[in-house]
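**Student:** Just dropping this structure here.
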Amino acid sequence: MNIALPAELSAALDALLEGASRRDLAARAARQSAAYRGGGTSADIATEADALAYAIARMPATYAAVRAVLARVAQVMPDFAPSSIADIGAGPGTASWAALDAWPGTAHVTMLDSNAALRALAAKLAANLPDVRIVAGDVGAVPQADLLLASYVLAELPESRAAHTALRLWEASGRMLVLVEPGTPAGFSRIRAARAALIEAGAHVAAPCTHDADCPMRGDDWCHFSQRLPRSRDHMRAKDANVPFEDERYSYLAMTRTPVAKGARIVAPPSEAKPGIALPLCDVSGLRQAFVPRRDKQAFRHARKLDWGDLVLD
Ligand SMILES: C[S@@+](CC[C@H](N)C(=O)[O-])C[C@H]1O[C@@H](n2cnc3c(N)ncnc32)[C@H](O)[C@@H]1O
């Protein structure tokens, strides 16, 4: 399933693009993406044009990843609905927009970021949203909220700070903390360190894990998922791309104060062959393959609808 930016957010971005040089934005986006690939951070985003280039090139993908994660959270905790959200390292406000789409009844939204150019853009994009506060600040000192979100933020800090930062965010989370990171070994490594520290501190995993036991991923394996999103013409131009979609790889962690563990998670693409479908699963017993034979018609029909990232209930 494709996840696109909400129409209101797309319209706000389009309005800011009016009269902007697409060539200049593409050049800025290319410089930013080369800097990220080289381990750089958003600190180089210094002007209005830089911030807009970031939003055009990256916001559709980070939005799609966060929105997919929040759908997973809602699946395992259907009664969860935050009354307040704090979006830490909010950038242009991506995760807040995803959370408002998941839980439109949220009353208060705080977007915190250390980058002035990105805060200014977040304010313009959110101009028509009710009760949004945009504050300057650091991940080390964050406001309290029912739901704390930090999307693609730990990647900007040294890996050694991931666990400590996650604990500070957890202390400010009334009910839930959601972390989303690039679906790379480095992104997962931060998620894994945060997971271990948060479980030690008494938190429970809501997703993707269906258990609070040690993470069984070893060696070259890293837990990550993929979300498809459409690319607009401006998005394609900013990324010098020639297909109208992209697949965003991400790793994530949603932690709660009450245990919700059940079932198993599909942690890699299922593979279908003549005899049946193999589902790579992770659950409390570790990593395993479940095989659903084609001759078991009902189970096979059901398994065929399952995808990477889905929950399998017993
Ligand atoms: C890659 S961007 C992600 C933005 C947004 N969360 C998203 O998913 O699109 C990382 C954001 O984290 C912010 N950031 C990095 N280090 C920070 C810190 N120590 N305190 C507050 N914000 C920080 C950056 O300014 C930037 O906006």
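**Student:** Going through region 53-76 one residue at a time, which ones are within 17 Å of the chain's Cα centre (by Cα) and either small (Gly, Ala, Ser) or assigned to a loop (DSSP other than H, G, I, E, B) (or both)?
**Tutor:** Those that are within 17 Å of the chain's Cα centre (by Cα) and either small (Gly, Ala, Ser) or assigned to a loop (DSSP other than H, G, I, E, B) (or both): ALA55, ALA57, ALA61, ALA64, ALA65, ALA68, ALA71, ALA74.
**Student:** Now for a different question. Out of the residues in region 127-152 that are within 13 Å of the ligand (Cβ to nearest atom) and within 13 Å of PRO92 (Cβ to Cβ), which is surrounded by the most Cβ atoms within 10 Å (Cβ to Cβ)? Break it down stepwise before answering.
**Tutor:** Pass one, region 127-152, residues within 13 Å of the ligand (Cβ to nearest atom): 134-143, 148-152.
Adding the requirement that they be within 13 Å of PRO92 (Cβ to Cβ) leaves 134, 151-152.
On the way: ILE134: 20, SER151: 27, TYR152: 23.
Here the answer is SER151.
**Student:** Of all residues in region 61-95, how many are near the ligand (Cβ under 9 Å from one of its atoms) and either hydrophobic (A, V, I, L, M, F, W, C) or closer than 19 Å to ALA172 by Cβ (or both)? Spell out the reasoning first.
**Tutor:** Restricting attention to region 61-95, the residues satisfying the condition of being near the ligand (Cβ under 9 Å from one of its atoms) are 61-63, 65-66, 87-95.
Right, trim to either hydrophobic (A, V, I, L, M, F, W, C) or closer than 19 Å to ALA172 by Cβ (or both) and you get 61, 65-66, 87-91, 93, 95.
Looking only at that region, the number is 10.
**Student:** Determine whether region 37-52 contains at least one residue that is closer than 27 Å to PRO143 by Cβ and within 14 Å of the chain's Cα centre (by Cα).
**Tutor:** Scanning region 37-52 turns up no residue that is closer than 27 Å to PRO143 by Cβ and within 14 Å of the chain's Cα centre (by Cα).
Quick grid of which residues meet (1) at pLDDT 95 or above; (2) away from the ligand (no atom under 14 Å from the Cβ); (3) buried (at least 17 other Cβ atoms within 10 Å of the Cβ):
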site: LEU169; (1), (2), (3): yes, no, yes
site: PRO182; (1), (2), (3): yes, no, yes
site: ILE191; (1), (2), (3): yes, yes, yes
site: HIS204; (1), (2), (3): yes, yes, yes
site: CYS215; (1), (2), (3): yes, yes, yes
site: ARG228; (1), (2), (3): yes, yes, no
site: ALA241; (1), (2), (3): no, yes, no
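**Student:** If the requirement is being surrounded by fewer than 16 Cβ atoms within 10 Å (Cβ to Cβ) and in the same structural domain as THR62 (by TED's automatic domain parsing), which of these qualifies: ALA95, ALA107, ALA99, ALA197?
**Tutor:** On the way: ALA95 fails: surrounded by fewer than 16 Cβ atoms within 10 Å (Cβ to Cβ); ALA99 fails: surrounded by fewer than 16 Cβ atoms within 10 Å (Cβ to Cβ); ALA197 fails: surrounded by fewer than 16 Cβ atoms within 10 Å (Cβ to Cβ).
Checking each option against the conditions leaves just ALA107.
**Student:** Something else: Among the residues of region 74-92, how many are surrounded by 23 or more Cβ atoms within 10 Å (Cβ to Cβ) and either hydrophobic (A, V, I, L, M, F, W, C) or touching a His at 6+ places or on another chain (Cβ under 7 Å) (or both)?
**Tutor:** Step one: list which residues in region 74-92 are surrounded by 23 or more Cβ atoms within 10 Å (Cβ to Cβ), which gives 82, 85-92.
Checking which are either hydrophobic (A, V, I, L, M, F, W, C) or touching a His at 6+ places or on another chain (Cβ under 7 Å) (or both) leaves us with 85-86, 88, 90.
Qualifying residue count, region 74-92: 4.
**Student:** Exactly one condition in (1) of a type in the set (A, V, I, L, M, F, W, C); (2) within 25 Å of PRO130 (Cβ to Cβ); (3) within 8 Å of the ligand (Cβ to nearest atom) is not met by ILE45; state its number.
**Tutor:** Condition (2) is where ILE45 drops out.
**Student:** Taking PRO92 as meeting all but one of (1) within 17 Å of the chain's Cα centre (by Cα); (2) assigned to a helix (DSSP H, G or I); (3) of a type outside the set (A, V, I, L, M), write down the number of the exception.
**Tutor:** Condition (2) is where PRO92 drops out.
**Student:** When region 261-314 is examined, which residues are found to be among the basic types (Lys, Arg) and not in a loop (DSSP other than H, G, I, E, B)?
**Tutor:** Residues of region 261-314 among the basic types (Lys, Arg): 262, 265, 274, 288, 294-295, 297, 301, 304-305.
Passing the criteria: ARG265, ARG288, LYS297, ARG301, ARG304.
**Student:** Follow-up question, since we're still on this one. Looking at (1) more than 22 Å from SER226 (Cβ to Cβ); (2) surrounded by 14 or more Cβ atoms within 10 Å (Cβ to Cβ), which one does ALA4 not meet, given that it meets all the others?
**Tutor:** (1)
**Student:** Same structure again: Can you confirm whether ARG237 is within 22 Å of ASN2 (Cα to Cα), surrounded by fewer than 17 Cβ atoms within 10 Å (Cβ to Cβ) and more than 16 Å from the ligand (Cβ to nearest atom)?
**Tutor:** Numbers: within 22 Å of ASN2 (Cα to Cα): yes; surrounded by fewer than 17 Cβ atoms within 10 Å (Cβ to Cβ): no; more than 16 Å from the ligand (Cβ to nearest atom): yes.
No; evaluated as a whole, the condition is false for this residue.
**Student:** If you don't mind, there's one more thing I want to ask. Out of region 115-136, which residues are over 14 Å from ALA55 (Cβ atoms) and part of a loop (DSSP other than H, G, I, E, B)?
**Tutor:** If we filter region 115-136 for residues that are over 14 Å from ALA55 (Cβ atoms), which is where we start, we get 116, 127-136.
Scanning region 115-136 gives ALA127, ASN128, LEU129, PRO130, ASP131.
**Student:** Okay, moving on. Could you list all residues from region 107-126 that are more than 11 Å from ALA86 (Cβ to Cβ) and more than 12 Å from the ligand (Cβ to nearest atom)? Give the derivation first.
**Tutor:** In the first step, residues of region 107-126 are kept if they are more than 11 Å from ALA86 (Cβ to Cβ); the result is 107, 113-126.
Scanning region 107-126 gives ALA107, ALA123, LYS124, ALA126.
**Student:** Which fully enclosed helices (runs of 4 or more DSSP H) of region 152-250 have 1 or more residues being under 27 Å from GLY286 (Cα atoms)?
**Tutor:** Working: elements: 162-172, 185-200, 233-238.
By residue number, 162-172, 185-200.
The values are calculated or read from the model by the stated rules, or taken from the named source; none is laboratory data. Just so you know, these numbers come straight off a predicted model, no measurement behind them. Reconstructed Cβ throughout: ideal geometry from the backbone, glycine too, with neighbour counts over all protein chains shown.
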